[in-house]
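K.L.:
What follows is a single structure, and I will ask about it in a moment.
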Amino acid sequence: MRLVVATRNEHKLRELGEILAGVELVALPARVELPPEVGDSFAANALIKARAAHAAEGDAALADDSGIAAVALGGRPGVRSARYAGESASDEENLQLLIDELRGHRDRRVAYVCALAHIGRDGRETMVEGRCEGELIECPRGSRGFGYDPAFVPRDTGPNDPRTMAELDDAEKHAISHRGRAARELGRLLGTGAAT
């Protein structure tokens, strides 16, 4: 099975490849320009990218839009997670801004959200969403993962496990992550063991 993945993010492509074992994931060719992410939800942005990849390549396409939502900030950064501190901000700058904005808040609950849009060769569209709840700590830890992972402590590892997403091994992370949950649900809806 082959899927064109509408992303320029190597971390996302690698993670999806690990989760969707047995599916050939092909990065969107550099000649294809992705439209701006102007949607007001993760699902809307994922669909924008998936449609663009499908139209350009004429093949089954998969697109991910994901980010983090802080309860105390009314869901911010949300769809702006990748550019929270500015259009060319680094992962570290985005994370530091979120840590700074949550400083002093007693409610440190956050959720990772991932929307996956799949468009089959026939143009049929399927949309799924996965969530991972947790808390944001002030002092990042761990060298694995990317984005907000070093400060995100997931609830699913249990109340006595203080590890961040950046301290989990790949199998542990994929089992509970927003992206892992969305990919498994997509595979289920498509009637396969993986998203195809």
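Read the figures in this text as sums done on the coordinates, not as results from a lab. All values derive from a computational prediction rather than experimental measurement. Here the Cβ is made from the backbone with ideal geometry for all residues, glycine too, and neighbour counts use every protein chain on show.
K.L.:
For residue 171 and residue 100, FRET efficiency with R0 = 45 Å and r from the beta-carbon atoms, rounded to 0.05?
P.N.:
Working: r = 33 Å, r/R0 = 0.72.
Rounded to the nearest 0.05, the efficiency is 0.85.
K.L.:
Place the peptides 174-180, 52-58 in order of packing, highest mean first, counting for every residue the other Cβ atoms within 10 Å and averaging per peptide.
P.N.:
On the way: 174-180: 20.9, 52-58: 17.6.
So the order, starting with the most tightly packed, is 174-180, 52-58.
K.L.:
Rounded to the nearest 10 degrees, what's the angle between the helix 42-57 long axis and the longest principal axis of the chain, both from Cα atoms, 0 to 90?
P.N.:
So the inclination is approximately 30 degrees.
K.L.:
Please work out how much length the chain gains when fully extended from residue 21 to residue 72, using 0.36 nm per residue of separation minus the C-alpha to C-alpha distance, in nm with one decimal.
P.N.:
Details: separation 51, 0.36 × 51 = 18.36 nm, distance 3.67 nm.
Going from the current span to full extension adds 14.7 nm.
K.L.:
For residue 138, what charge total do you get from the other residues with a beta carbon under 12 Å from its beta carbon, if Lys and Arg give +1 and Asp and Glu give -1? Could you put the intermediate results ahead of the total?
P.N.:
Details: positive: 103, 108, 141; negative: 100, 101, 135.
Neighbourhood net charge equals 0.
K.L.:
Each label point is 7 Å from the Cα along the Cα-to-Cβ direction; what then is the distance between the points at residue 109 and residue 133, in nm?
P.N.:
0.6 nm
K.L.:
How high is the FRET efficiency from residue 163 to residue 122, r the C-beta distance, R0 41 Å, rounded to 0.05?
P.N.:
Working: r = 43 Å, r/R0 = 1.04.
Once the sixth-power term is evaluated, E becomes 0.45.
K.L.:
In the range 1-22, which residues have a backbone nitrogen under 18 Å from the label point lying 7 Å from residue 89's Cα in the Cα-to-Cβ direction?
P.N.:
Flagged as within label range: none.
K.L.:
Angle, helix 91-102 long axis vs. longest principal axis of the chain, Cα atoms, 0 to 90°, nearest 10?
P.N.:
Long axis of 91-102 versus the principal axis of the chain: about 50 degrees.
K.L.:
Given N residues in the range 31-105, what is its alpha carbon radius of gyration divided by 2.2 N^0.38 Å? List each step's numbers first, then the result.
P.N.:
Values: Rg = 14.7 Å, N = 75, 2.2 N^0.38 = 11.3 Å.
Here the Cα radius of gyration is 1.29 times the empirical estimate.
K.L.:
Using a simple spin-label model with points 7 Å from Cα along the Cα→Cβ vector, what separation in nm is obtained for residue 11 and residue 143?
P.N.:
About 1.6 nm, to one decimal.
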